[in-house]
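K.L.:
One structure, pasted below without further comment.
Nothing in this text is a laboratory measurement; each read-out follows from the coordinates by a stated rule. Just so it is clear, the structure is predicted and the values come from calculations on it, not from any experiment. Note that each Cβ is placed from the backbone with ideal geometry, even for glycine, and that neighbours are counted across all protein chains shown.
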Amino acid sequence: MNTNNTKDTKIFKFKLNIKILLSHLFGIAVLLTFTNYVISYSKSEFELPFYDRTKNSPAQISYDTGLLGREDITAEEEKAAEDATSVENKNKINPDDFIVSAQSQTEQNQNYENTEPTEPAYDFEIFSDDMSRRGFSVSDGVYEIYSEAKTNAEINRYKTEVSRILTEYAKSIENENGGGDPPVLPDAPLLYEYKFAQIEPDIAIDMPVSQSMASSYLYKQAVEPIMDYIIIRTKDKEILCDASGNIISRDFESLGVEILKMRDKDGRTVFKHTDGSYFIYDPDYYAKNPTEDRKTGGGFVLINFSEIATGDRGAPFMYPSYYGADGANGLDRYYNPSYLKKWCYVDAGTINTRIPRNYDNAFNFSENVGIAYQESSGRGYKLFFLDENGYNFITNYNYYAPDEIKKDHLGFFYFDHGLTRVYEREFDRRGFEIAERELMVDYYGTQFYIPEDYTVKAYSNGMILLEKNGLYGFMNYLGEWIVNPIFTYAQPFYEGVAVIGLANGKKALIDTQFNLIANFKYNAITNCTGGVVALYEKNVGWTILNKVRRQIEVG
């Protein structure tokens with residue numbers, strides 16, 4: 001009897017354990033399903049539906065025609081959208097054209113050396129008064145190749161939406177016998193036509209790539225765009241021109257000022273005098289204010305400026321006027337030198353504190369997020385990702401800022417197409433750092449996939465510059481390879497264009513769709529700054545281009 005009871009007890013316990021195990025498994029499955037649902041729901045509230053970062057395909061970036069998520073698409077809109085994505089491919093880069101063997105590359109180098117051009121590689125329209133009359137002006141905006149089909153699709157989308165709202169309002173008036181509030185119409189889209197035009201400065205440029213400066217005995221770039229200006233160097237002079245090539249000073253060094261590579265709150269390039277004072281250039285200022293004294297020659301105007309509080313936007317490059325500018329989300333970053341020399345956020349245009357916490361540095365809002373950092377117990381500068389109320393919504397990760405901001409750190413401190421760069425650090429129990437790696441993350445702090453063994457060199461204009469074994473390529477913000485790492489030289493995208501180069505030293509200028517703006521004919525090309533690019537061809541000389549645009553009337 002005792003033996004049978006023991007067996008029954010064991011059988012009962014075994015069955016009970018099985019039931020408990022099955023119930024646990026069922027509970028875990030329910031929990032995982034619910035969690036996945038909650039995550040999916042929360043993401044659907046915030047994330048744009050076309051930010052699909054799960055694929056790494058060689059597909060090109062397609063135009064957002066404004067039709068995503070709409071069910072009332074007309075046949076005309078659909079046709080216009082198809083046309084907009086069918087951009088001409090005559091200037092598209094084919095990566096296979098540049099993947100060559102070492103032997104053929106050597107032969108190509110020899111061919112280039114034996115056949116140097118004697119005429120310019122391209123004929124660009126000359127920037128003139130006629131272009132100005134047509135509405136074009138120099139712009140540091142993000143370049144995009146003009147597509148009439150895309151533009152028409154956007155205009156048709158806007159007009160269709162306005163027509164829908166007005167029709168519904170008319171019906172409501174009829175139903176309410178003249179009642180109802182006036183309709184709120186959407187803002188008209190800001191549409192631009194971009195192009196590159198050649199400028200001809202008031203002085204002949206016949207110097208080589210680098211010019212020896214007698215005053216400093218250093219070799220400096222003969223033509224150097226800096227912010228909204230151009231410096232042209234001879235053996236003993238620096239000539240300052242505006243972005244259109246008009247001479248401001250024929251002996252810039254004698255003025256005792258330098259271009260600071262920073263901007264004031266109004267987006268104007270700042271000059272710094274040797275005595276520490278600051279200026280902007282306004283050729284019309286003294287004509288309007290004849291009684292004011294001039295400290296320097298020309299139209300240099302004295303201003304109040306702080307390199308820390310205003311000029312330092314966390315940009316390790318010559319940034320365009322809109323980069324890190326005040327006013328986004330109705331907030332400005334604010335530096336208080338009298339209180340611990342810390343940063344906070346204030347209502348735009350005031351000193352009324354909105355986000356009072358004091359940070360070691362704070363950066364203006366971008367894509368509805370303000371990024372700030374604070375020193376964290378000797379571990380480095382910990383990053384905070386803030387909403388308009390100062391709530392830090394990424395708290396589950398140890399993300400840090402660079403200890404020192406350098407040129408390679410382009411892409412930190414601001415969100416661009418839903419991504420930003422961070423460092424992730426791990427520490428042992430004693431607080432010593434045991435690991436660090438660089439990541440790109442989205443609004444949720446989720447890691448963006450970077451292929452193994454690739455190094456992020458920069459991120460801008462939605463384009464990630466990646467390097468592996470000395471070769472460079474670009475991936476877009478969707479995780480799509482635009483071109484594999486096949487170039488021996490590449491610069492980040494500035495204002496929508498980038499410089500790339502081959503092993504033979506020849507360089508080209510491209511846009512984010514990888515259209516060739518200037519082919520592989522040039523020995524040197526500068527980064528675009530203030531809408532200006534300078535290109536040099538051996539035996540031909542310098543070509544200076546303006547990135548110009550005009551606004552398209554929507555009607």
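K.L.:
Sequence-distant or interchain residues sharing an amide H contact under 5 Å with residue 415, placed H: which?
P.N.:
366
K.L.:
Under 5 Å between amide H atoms, partner at least 5 residues away or on a different chain: which partners does residue 248 have, H built in plane at 1.01 Å?
P.N.:
Amide H to amide H, under 5 Å and 5 or more residues apart or across chains, residue 248 pairs with 240, 241, 242.
K.L.:
Please give me the summed charge of the neighbours of residue 336: other residues whose Cβ is under 13 Å from its Cβ, Lys and Arg +1, Asp and Glu -1.
P.N.:
+2
K.L.:
In terms of modelled amide H atoms, which long-range or inter-chain residues lie less than 5 Å from the amide H of residue 125?
P.N.:
For residue 125, whose amide H was placed from the backbone, the distant partners under 5 Å are 198.
K.L.:
Using 7 Å Cα-to-Cβ label points, what is the residue 404/residue 291 separation (nm, one decimal)?
P.N.:
Rounded to a tenth, the inter-label distance reads 5.0 nm.
K.L.:
From the backbone phi of the stretch 505-521, what are the Karplus-calculated ³J(HN,Hα) couplings (6.51 cos²θ - 1.76 cosθ + 1.60, θ = phi - 60°) in whole Hz, Gly and Pro given as x?
P.N.:
So the J values, rounded to whole Hz, are x, 7, 10, 9, 10, 10, 10, 6, 8, 6, 7, 7, 7, 9, 6, 6, 10.
K.L.:
Averaged across orientations, what area in nm² does the convex hull of the alpha carbons in the stretch 261-320 project?
P.N.:
4.6 nm²
K.L.:
Distance check, please: which entries in 220/342; 150/261; 235/457; 195/521; 235/507; 261/547 exceed 29 angstrom between their Cα atoms?
P.N.:
The answer is 220/342; 150/261; 235/457.
K.L.:
Let me ask another. Describe numerically, in nm with one decimal, the distance between label points set 7 Å from Cα along Cα→Cβ at residue 446 and at residue 430.
P.N.:
Calculated label separation equals 3.9 nm.
K.L.:
Is the shape of the stretch 463-555 best called rounded, prolate or oblate, per the rule: a/c under 1.5 gives rounded, else a/b larger than b/c gives prolate, else oblate, with a ≥ b ≥ c the square roots of the Cα gyration tensor eigenvalues?
P.N.:
The shape class here is oblate.
K.L.:
Now a separate question. How large is ³J(HN,Hα) for each residue in the stretch 344-355, as worked out from phi by the Karplus curve 6.51 cos²θ - 1.76 cosθ + 1.60 (θ = phi - 60°), to whole Hz, x for Gly and Pro?
P.N.:
The phi angles translate into 8, 10, 10, 4, 4, x, 9, 10, 7, 5, 9, 10 Hz.
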